[in-house]
Amino acid sequence: MKQWYATRVSSGIRATALLLSSLFCVVPTAYGETYIAGQIGFAVPGLGGGLSDGDVNSPPFSSLFGPNTTITHGDYELSTSLMYGGKVGHYFNFAPWFGVEAEVFYTTPHIDQQDHAFTIQNSSVPGVTVHGTLQGAYFRVITVAPFNLMFRYHKTRLQPYVGVGPGIFFAGIKGEGLAPDSPESTSDNARLGLNAKAGLEYHVTKHLTTFAEWKFNYVHFDFDENQNFFPFFFGLDATYTMHLVSFGVGYRF
């Protein structure tokens with residue numbers, strides 16, 4: 001009985017070792033390659049993202065409180081949103097651990113209805129904070145990252161990687177018009193920011209891969225004033241930060 005048990009344990013250890021070898025010790029490729037991939041996931045503002053650190057840039061609105069008035073707003077809370085997109089990249093023959101990648105993805109982290117604070121300040125008012133309920137609004141962001149610099153550990157099937165590069169962010173806000181025929185949206189196009197990522201990719205076969213990835217986006221938006229647009233009839237600038245988690249499938253050539 002003891003000998004049978006020892007044999008089963010030994011067989012289990014060998015099987016586990018073979019599995020780990022297939023995951024970590026098998027070299028799928030040792031050369032450069034091109035890849036395409038689709039991705040889907042979530043924008044998760046609860047991890048520390050949102051719209052923050054901005055001013056209300058509407059001179060007529062500010063002038064209601066006297067000359068040289070500045071109005072700053074508090075953080076805008078955003079909702080969790082579905083994210084989807086795709087990417088294409090290439091790792092080089094001369095350095096298979098280094099590559100470049102382009103990607104695009106779309107998300108809609110809408111602005112929640114929330115209590116919001118405005119701080120009003122001028123030469124005679126040291127700072128007065130006004131609170132009110134802010135109606136929510138539709139908010140969408142399209143991110144185009146034309147070239148991420150990619151770095152990976154390429155000698156195993158399970159490959160950790162990191163990447164960083166510029167992002168071009170197209171954003172839009174949509175709400176209710178104050179008049180029946182008034183514009184319903186204001187947008188801010190082609191703002192340059194940061195796109196960073198880290199992930200794990202597993203080579204199922206020589207050509208087929210799966211991956212899980214975390215991204216971080218950072219950009220400053222500057223929305224134009226629109227007197228007919230509610231609730232953002234004033235101009236708005238704000239820093240957009242977002243954490244995203246995605247999963248996908250890729251094909252290697």
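Does the range 204-230 hold any residues that are buried (at least 19 other Cβ atoms within 10 Å of the Cβ), at pLDDT below 95 and not hydrophobic (A, V, I, L, M, F, W, C), and which are they?
Of everything in the range 204-230, just one residue is buried (at least 19 other Cβ atoms within 10 Å of the Cβ), at pLDDT below 95 and not hydrophobic (A, V, I, L, M, F, W, C), namely ASN226.
Scan the range 32-43 for residues that are crowded, with 17+ Cβ neighbours inside 10 Å and at pLDDT below 95 and report the count.
1
Just for the range 163-183: of the residues that are more than 25 Å from the chain's Cα centre (by Cα) and part of a loop (DSSP other than H, G, I, E, B), which one is modelled with the highest pLDDT?
PRO183
The values are calculated or read from the model by the stated rules, or taken from the named source; none is laboratory data. All of these numbers come straight from a predicted model, not from anything done at the bench. Cβ sites come from the backbone with ideal geometry, for glycine too, and all protein chains shown count toward neighbours.
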